[in-house]
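Novice: Pasting in a structure now, in structure tokens, and then I'll have a few things to ask.
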Amino acid sequence: MILSKTPKESHTVMNELVLPNDTNMLHNLMGGRLLHWMDIAAAISAQKHCNYVAVTVSVDNVSFKHSVKLGDVITIEARVTRAFNTSVEVRINVWAENIPSGTRIKSNEAYYTFVALDKEGRKIPVPEIVPETAEEIILYDGALRRRQLRLILGGKMKPSEATELRALFFPEEGV
């Protein structure tokens with residue numbers, strides 16, 4: 001088993017053309033379709049890192065900053081930001097480009113969490129991640145806080161157990 005990888009090894013870029021079947025009555029991309037594409041790109045990134053099948057276990061808050069129009073080209077970039085025991089966090093950035101006008105806007109960003117599974121469907125350890133750039137280090141450092149918040153919101157961790165978030169939940173302790 002590979003002991004460690006860098007974020008660039010999981011880097012994935014996916015492009016989609018927004019067609020009429022992808023849009024609502026206002027000719028804007030349907031949010032569910034975009035989430036589907038984001039999940040595919042994130043899964044590819046996670047599997048590149050894990051070298052195993054990886055399945056979605058959570059999706060953080062996804063905000064739609066700008067509508068995406070019929071005919072736009074969507075570019076989805078995904079890369080693993082941190083690996084835990086059997087799971088990885090994947091950051092997604094989405095851009096919408098209108099090729100005829102030459103405009104490109106950031107439409108969305110989100111974090112997805114995946115768990116790696118062996119052939120029998122059991123969780124399996126994943127390689128560690130070694131951030132190389134300043135941005136990768138910032139994302140890596142923030143991943144533990146994001147993970148603890150996900151676990152608290154999912155009812156899998158008590159706020160008092162969140163070592164990285166204690167000051168948010170218990171400000172009187174001055175941690």
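Novice: Contour minus end-to-end for Val13 and Ile137, with contour as 0.36 nm per residue of separation and end-to-end as the Cα-Cα distance?
Specialist: So the chain would gain 42.6 nm between Val13 and Ile137.
Novice: Turning to a different aspect of this structure: Straight-line reach from Lys158: which lysines fall under 25 Å, measuring Cα to Cα and dropping same-chain residues less than 8 apart?
Specialist: Lys123
Novice: Enumerate the lysines that Lys8 could reach by cross-link, defined here as Cα to Cα under 16 Å, with residues fewer than 8 away along the same chain left out.
Specialist: Qualifying lysines at Cα under 16 Å: Lys48.
Novice: Under 19 Å from the 7 Å Cα→Cβ point of Glu128, by amide nitrogen: which residues of region 63-85?
Specialist: 80-85
Novice: Something else now. Straight-line reach from Lys69: which lysines have Cα under 28 Å away, leaving out those fewer than 8 places along the same chain?
Specialist: The reachable lysines, counting only those whose Cα sits under 28 Å from Lys69, are Lys106.
Novice: Oh, and also: For Thr23, which sequence-distant residues (separation of 5 or more, or a different chain) have an amide H within less than 5 Å of its own amide H, given hydrogens modelled in the peptide plane?
Specialist: Met30
Novice: Moving on. Based on the Cβ-Cβ distance of Glu120 and Lys65, what FRET efficiency does E = 1/(1 + (r/R0)^6) give at R0 = 45 Å, to the nearest 0.05?
Specialist: The formula returns an efficiency of 0.65 here.
Novice: Per-residue HN-Hα couplings for region 107-113, Karplus 6.51 cos²θ - 1.76 cosθ + 1.60 at θ = phi - 60°, whole Hz, x for Gly and Pro?
Specialist: Along region 107-113, the couplings run 9, 8, 8, 6, 10, 10, 10 Hz.
Novice: Which residues' amide hydrogens lie under 5 Å from the amide hydrogen of Val53, considering only partners 5 or more residues apart or on another chain, with H built in the peptide plane?
Specialist: For Val53, whose amide H was placed from the backbone, the distant partners under 5 Å are Leu117.
Novice: From a point 7 Å beyond the Cα of Val73 in the direction of its Cβ, which residues of region 100-114 have a backbone N at a distance under 18 Å?
Specialist: The answer is 100-108.
Novice: For region 117-157 and region 8-24, write down the distance between their C-alpha centroids in whole Å.
Specialist: Between the Cα centre of region 117-157 and that of region 8-24, the gap is 24 Å.
Novice: 7 Å from Cα along Cα→Cβ at both Glu109 and Leu35: what's the point-to-point distance in nm?
Specialist: Placing both labels 7 Å along Cα→Cβ, they lie 2.1 nm apart.
Novice: Largest first and in whole Å, give the semi-axes of region 4-130's equivalent ellipsoid, each being the square root of 5 times a Cα gyration tensor eigenvalue.
Specialist: The equivalent ellipsoid of region 4-130 has semi-axes of 30, 14, 11 Å.
Novice: With an 8 Å Cα cut-off and a minimum separation of 6 or more residues, compute the relative contact order for region 50-166 in percent.
Specialist: 26
Readers should treat all values here as calculations from the given coordinates under stated rules, not as data from a laboratory. Remember, it's a predicted structure, so these values are computed and weren't measured experimentally. Every residue, glycine among them, receives a Cβ derived from its backbone with ideal geometry; neighbour counts consider all protein chains shown.
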